[in-house]
Amino acid sequence: MQQEHTTNRMAVIDLGTNTFHILIAEPDGQGGYRHLYRYREFVRLAEDGIDEISPAAFGRALAAVRFMHEKLEEYGVRKIRASGTAALRTAANGPGFIRQVKEMTGIEVQLITGIEEARLIHLGVLQAIPPTSEPILIMDIGGGSVEFIISEKGQLLWAQSFPVGVAVLYHHYHNHEPILASEVAAVQHFLDQQLAPLHQALSRHPVQHLIGAAGTFDVLETLLATAKPTPNSAVIPLAGFFPLYYQLLNASVEERHHIEGIPEDRADMIVVAMILIDFVLRMADIHQLTVSSFALKEGMLAEIC
C-alpha cells in the first residue's frame, strides 16, 4: 500500500559493479537515523567484462532499479541520493544506462569518482567500528574497484581507488576449477603491480589493523566472527582466515556452492577475493581484522540526514 510522502524519510541507492543496494531510513530523533528497509540485488554488470554492460546485465539492472523505485513510492521517500561506481564509470554504455534510469524512474544517478567513493566509505565505516587511537587500514571490495583508506583518530590520512575488483580479477585470471597455481600467481603479480601506491602509503603510515567492508568480508563475518564489539562490526581471527583461504583455493565452484555460509551469488568470485585479502594482510603485516557492516551507503546517508 502506497504511503503519503513524508519529508523526513530518505534513501540512498548504490549502483555497484556486482550489486545494487537500497537503504531507506528516517531520523531517530537523537541525531541519528533508523533503518526502515534495505535490499540488495546481485546484478553482475561486469559479467562479460567491465568495458561494456551486456544486454542481459543491462536488463537485470533496469529491473532492479524499477523495483527500488517502487519501494521509494511505497515508503513515501522524497529525499534520494543515488550513486554509480566503477562499472558505470567505465562501461561504454554506462551513460546510456543512467539516462534510461532517469527516463524510467526520475532517479538521477550521480557518477562518483573512486576518491569520493573512498571518502564516503570512510565516513560510513567510522559509524560502525569502536573508536581506536591506532591507525587503521579500511578496505572495501567491489566488483570493479577496491578502495583503500588509511585513517587515524577519525582523520583520513590517505585514500585511493584501484581497478582490482573481484569481477575484474575473476574475468581475467580465474579460468579453471579449482583455480590453478599459475592463475593464483598471476593474480598476485597483478596486485603487486597495481597496489604499489598502497605499499608506498603503508611505508609512510604503518598499520596493523585492517577494517574490511562489503562483499567477501560479510562472508568472513558469517563463517569466522568470534565477537561483535559493536552492533555493526565483528572480529575475525586471523588464525581462522588462513585455513579457510586454502580450503577455498583448493575447492571447485561446485564444492564452494555446498559450503554453508557462502551465498550462492558469491561462490564463483570468492576465490579471487580471498587472494586479494590474503595479499593485503601480508603486504601490510596485519595483526587484527575487523569487519564493518557499514560502508558507502551509510556514508551517503550520513550526508543527507
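The values are calculated or read from the model by the stated rules, or taken from the named source; none is laboratory data. Every value quoted in this text rests on a predicted model; they were computed, and no experiment measured them. Heads up, the Cβs are rebuilt from the backbone with ideal geometry, glycines too, and the neighbour counts pull from every protein chain shown.
Restricting L276, L289, L248 to residues that are assigned to a helix (DSSP H, G or I), in the same structural domain as S203 (by TED's automatic domain parsing) and touching a Leu at 6+ places or on another chain (Cβ under 8 Å) narrows the list to L276. Within the stretch 69-96, the only residue that satisfies the criterion of being farther than 25 Å from A302 by Cβ and either modelled with pLDDT under 95 or of a type in the set (S, T, Y) (or both) is T90.
Screening P243, P231 for residues that are assigned by TED's automatic domain parsing to the domain that holds S182, loosely packed, with under 14 Cβ neighbours inside 10 Å and farther than 15 Å from I277 by Cα leaves exactly one candidate, P231.
For first residues located in the stretch 55-81 and closer than 17 Å to I98 by Cβ and assigned by TED's automatic domain parsing to the domain that holds P95, partners that are modelled with pLDDT under 95 and not in a helix (DSSP H, G or I) and lie 6+ apart or on another chain with Cβ distances below 8 Å form the pairs A57/A46; A57/E47; A57/D48. Filter the stretch 1-52 for residues that are surrounded by fewer than 15 Cβ atoms within 10 Å (Cβ to Cβ), among the basic types (K, R) and either modelled with pLDDT under 95 or outside any strand (DSSP E or B) (or both) and give the result. Hit for the stretch 1-52 is R34, nothing else. Please work out if L169 is crowded, with 22+ Cβ neighbours inside 10 Å, in a helix (DSSP H, G or I), in the same structural domain as Q155 (by TED's automatic domain parsing) and modelled with pLDDT of 95 or more. In short, yes. Only a single criterion out of (1) within 21 Å of V184 (Cα to Cα); (2) charged (D, E, K, R); (3) surrounded by fewer than 14 Cβ atoms within 10 Å (Cβ to Cβ); (4) free of Cβ contacts under 8 Å to residues at least 24 places away in the same chain is not satisfied by R256, namely (3). Contact map, the stretch 105-130: first residue in a loop (DSSP other than H, G, I, E, B), second residue of a type in the set (G, A, S) and modelled with pLDDT under 95, Cβ cut-off under 9 Å, separation 6 or more or different chains; pairs are Q127/G32; Q127/A302.
One residue alone among A302, A273 is over 15 Å from the mean Cα position of the chain (by Cα) and buried (at least 16 other Cβ atoms within 10 Å of the Cβ), and that residue is A302. A201 - would you say it is small (G, A, S) and either within 24 Å of L244 (Cα to Cα) or part of a loop (DSSP other than H, G, I, E, B) (or both)? No.
Only one entry of E221, E183 meets the criterion of being assigned to a helix (DSSP H, G or I), modelled with pLDDT of 95 or more, over 21 Å from the mean Cα position of the chain (by Cα) and acidic (D, E), and that entry is E183. Among the criteria (1) closer than 22 Å to G124 by Cβ; (2) out of contact with any His (no Cβ under 6 Å at 6 or more places or on another chain), the one Q288 does not fulfil is (2).
Based on this model, can you work out whether L220 counts as in contact with a strand residue (DSSP E or B) (Cβ under 7 Å, 6 or more places away or on another chain), in contact (Cβ under 8 Å) with a residue 12 or more places away in the chain and over 27 Å from R40 (Cβ atoms)? Considered against the rule, which asks whether it is in contact with a strand residue (DSSP E or B) (Cβ under 7 Å, 6 or more places away or on another chain), in contact (Cβ under 8 Å) with a residue 12 or more places away in the chain and over 27 Å from R40 (Cβ atoms), L220 comes out as no.
This table checks each residue for (1) in a helix (DSSP H, G or I); (2) of a type outside the set (S, T, Y); (3) more than 19 Å from Q288 (Cβ to Cβ); (4) touching a residue at least 12 places away in the same chain (Cβ under 8 Å).
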position: F148; (1), (2), (3), (4): no, yes, no, yes
position: E177; (1), (2), (3), (4): no, yes, yes, yes
position: F190; (1), (2), (3), (4): yes, yes, yes, yes
position: P206; (1), (2), (3), (4): no, yes, no, yes
position: P229; (1), (2), (3), (4): no, yes, no, yes
position: L244; (1), (2), (3), (4): yes, yes, no, yes
